[in-house]
Amino acid sequence: MKAIEALFPELPNLGDDPLPGVDKIEPVTVEALIETAKKNSPLIQQAMAEIERNRGLWVQAGLYPNPTMGYQGDQVGDAGSAGQQGGFFNQTIVTGQKLKLARNVAYFDLINARLQLRRQEIDLTRQVRADLFAVMVAAEGIRITRKVSEFTEDVYRAQVAGVRAGVSVPFEAHALRAIAGQNRNSLVQARLRYASVWRQLAATLNQPEMPPTPIASRVDLSIPRYNYEALKQKMIAAHTDMEIARNNVAQAQQNLLLETRRPIPDLQNNFYFQRDTQLQSFQVGIQLGVTVPVWNKNEGNISAARASLFRATQELDRVRNNLIRTMTDSYERYETNRQQITLYRDLILPDLVRAFRGIYRRFQVEPDKVNYNDIVTAQQNFATQLNNYLQALQQQWQAVADLTANVQAEDPYKLSEGLDTALPDDWPLEPRRVVR
């Protein structure tokens with residue numbers, strides 16, 4: 001008996017998991033985390049500063065040029081006199097509505113900066129959701145891996161009891177203990193994974209020292225259903241990137257008009273007022289003139305503005321195609337993992353659990369009819385598919401966060417509202433009968 005105890009010492013306790021206690025800490029909602037991120041994010045603050053910068057440039061673009069004032073003296077010293085003493089004043093008169101057009105061009109940068117703020121808020125929301133889903137999946141991974149470890153170690157202890165009773169051989173218990181050790185390794189990895197993804201979430205919130213907190217949501221919530229075509233149309237109609245591209249076309253049109261107006265001469269003028277100290281008279285003079293566009297008719301800038309307009313029109317198609325490509329990838333990951341999760345949850349994992357338990361129970365009753373390797377294989381298959389399930393769960397929620405950001409919606413569950421188009425069928429869990 002002492003030899004058996006030496007061969008199979010009692011396994012140490014699995015220890016505590018790094019999950020926060022719901023009974024001790026108030027769970028935080030997804031919406032509260034998103035608001036915290038928006039309030040603290042340096043990216044949001046930078047985007048707001050960019051709006052103010054472009055507002056200043058918009059104001060500056062339409063300001064009239066300053067006048068020039070100064071002193072003027074003529075014939076000073078002639079016959080020992082002070083000559084003509086006075087001052088001058090000149091002001092450029094801008095023609096062709098060039099200042100208005102310049103302000104119109106700058107205005108599109110201002111409204112695009114506002115759209116960029118919206119884009120930053122959406123991207124930040126997507127990152128918060130993705131990090132949050134990763135935290136919930138990691139917490140679920142700890143809970144599931146711990147249960148698997150406890151179950152495997154219960155089987156191991158039962159096998160050790162069989163060795164003590166003389167109905168089992170030691171190598172069988174050794175094999176189970178090795179599996180129990182593998183599960184403990186998985187539990188260690190799951191705990192470290194949770195700590196890592198929580199730190200990532202805390203960094204996204206710009207609160208890197210924030211301790212793990214319970215989340216007022218569950219990873220096993222039913223996933224929202226989406227229709228690809230409906231999402232695509234919604235995205236193309238209202239995505240900030242599309243709006244920015246449309247604004248850039250309008251801006252390029254205004255800039256081309258501005259460049260064609262630049263050769264229109266501005267009116268140059270000069271007024272002077274002076275007193276002739278010799279004649280004791282007051283004199284007023286005026287000069288008016290324009291720059292004659294003979295050598296420089298702004299041809300180069302006009303040509304460049306036409307090219308910029310053409311490029312902006314092509315940018316619309318490029319942005320649209322890029323958005324479709326990105327959303328198509330997100331939708332494929334969403335639909336693939338959604339159907340895989342259904343198969344894992346309703347078919348694969350339950351059957352693997354039943355198979356493992358059945359093989360082990362039969363081994364206990366009829367050890368001569370069951371190969372012990374089948375027990376090890378069944379347990380390893382279950383552990384492998386369980387890990388695949390957790391990966392699919394993570395990828396599923398990541399895809400939901402990405403799709404929500406692709407369409408720039410606030411809530412993934414509200415995104416599917418009002419979609420009447422039929423959705424694709426789920427993977428059939430029961431074989432369909434063929435009618436002949």
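The values are calculated or read from the model by the stated rules, or taken from the named source; none is laboratory data. Owing to the predicted nature of the structure, the values given are computational and were not obtained by experimental measurement. All Cβ positions, even for glycine, are placed from backbone atoms using ideal geometry, and neighbour counts span all protein chains on display.
General remarks:
- Of all residues in segment 17-45, those satisfying the criterion of being without any contact (Cβ under 8 Å) to a residue 60 or more places away in the chain and part of a helix (DSSP H, G or I) are 31, 32, 35, 39, 45.
- Residue tally, condition of a type in the set (A, V, I, L, M) and in contact with a strand residue (DSSP E or B) (Cβ under 9 Å, 6 or more places away or on another chain), over segment 16-69: 4
- Selection within segment 58-88: residues that are touching a Lys or Arg at 6+ places or on another chain (Cβ under 9 Å) and in a strand (DSSP E or B). The member of this set that is surrounded by the most Cβ atoms within 10 Å (Cβ to Cβ) is 84.
- Leading residue by the ranking (surrounded by the fewest Cβ atoms within 10 Å (Cβ to Cβ)) among those in segment 89-123 that are farther than 30 Å from residue 34 by Cα and aliphatic (A, V, I, L, M): 93
- Residue 251 over 22 Å from residue 330 (Cα atoms) and either at pLDDT below 90 or out of contact with any Cys (no Cβ under 8 Å at 6 or more places or on another chain) (or both): yes
The rows are residues; the columns are (1) of a type in the set (D, E, K, R); (2) out of contact with any helix residue (DSSP H, G or I) (no Cβ under 7 Å at 6 or more places or on another chain).
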{"site": "349", "(1), (2)": "no, no"}
{"site": "358", "(1), (2)": "no, yes"}
{"site": "361", "(1), (2)": "yes, yes"}
{"site": "365", "(1), (2)": "no, yes"}
{"site": "371", "(1), (2)": "no, yes"}
{"site": "374", "(1), (2)": "yes, no"}
{"site": "377", "(1), (2)": "no, yes"}
{"site": "383", "(1), (2)": "no, no"}
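- Whichever residue in segment 363-420 is modelled with pLDDT of 75 or more and hydroxyl-bearing (Ser, Thr, Tyr) and, among such residues, is farthest from residue 239 (Cα to Cα): 377
- Residue in segment 124-143 that is surrounded by fewer than 23 Cβ atoms within 10 Å (Cβ to Cβ) and under 22 Å from residue 359 (Cα atoms) present: no
- Matching residues, segment 357-408, being charged (D, E, K, R) and over 30 Å from residue 34 (Cβ atoms): 357, 361, 362, 366, 368, 369, 374
- Residues (in a helix (DSSP H, G or I), farther than 26 Å from residue 14 by Cα and in contact with a Pro (Cβ under 6 Å, 6 or more places away or on another chain)) located in segment 164-218: 202
- Pair list, Cβ under 7 Å, 6 or more apart: segment 142-162 residue more than 17 Å from residue 384 (Cα to Cα), other residue acidic (Asp, Glu) and in a helix (DSSP H, G or I): 159/172
Conditions (1) surrounded by fewer than 21 Cβ atoms within 10 Å (Cβ to Cβ); (2) under 12 Å from the mean Cα position of the chain (by Cα); (3) closer than 27 Å to residue 142 by Cβ, marked per residue:
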site	(1), (2), (3)
383	yes, no, yes
388	yes, no, yes
391	yes, no, yes
395	yes, no, yes
401	no, yes, yes
405	no, yes, no
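- All of (1) within 18 Å of residue 385 (Cα to Cα); (2) free of Cβ contacts under 8 Å to residues at least 12 places away in the same chain; (3) of a type outside the set (Ser, Thr, Tyr) hold for residue 166 with one exception: (1).
- Check on residue 54, modelled with pLDDT of 90 or more, among the polar types (S, T, N, Q) and either in a loop (DSSP other than H, G, I, E, B) or touching a helix residue (DSSP H, G or I) at 6+ places or on another chain (Cβ under 8 Å) (or both): yes
- Among the numbered conditions (1) within 30 Å of residue 42 (Cβ to Cβ); (2) part of a strand (DSSP E or B), the only one that residue 113 does not meet is (2).
- Residue list for segment 344-374, filter: within 21 Å of residue 395 (Cβ to Cβ), crowded, with 17+ Cβ neighbours inside 10 Å, in contact (Cβ under 8 Å) with a residue 40 or more places away in the chain and not β-branched (Val, Ile, Thr): 344, 349
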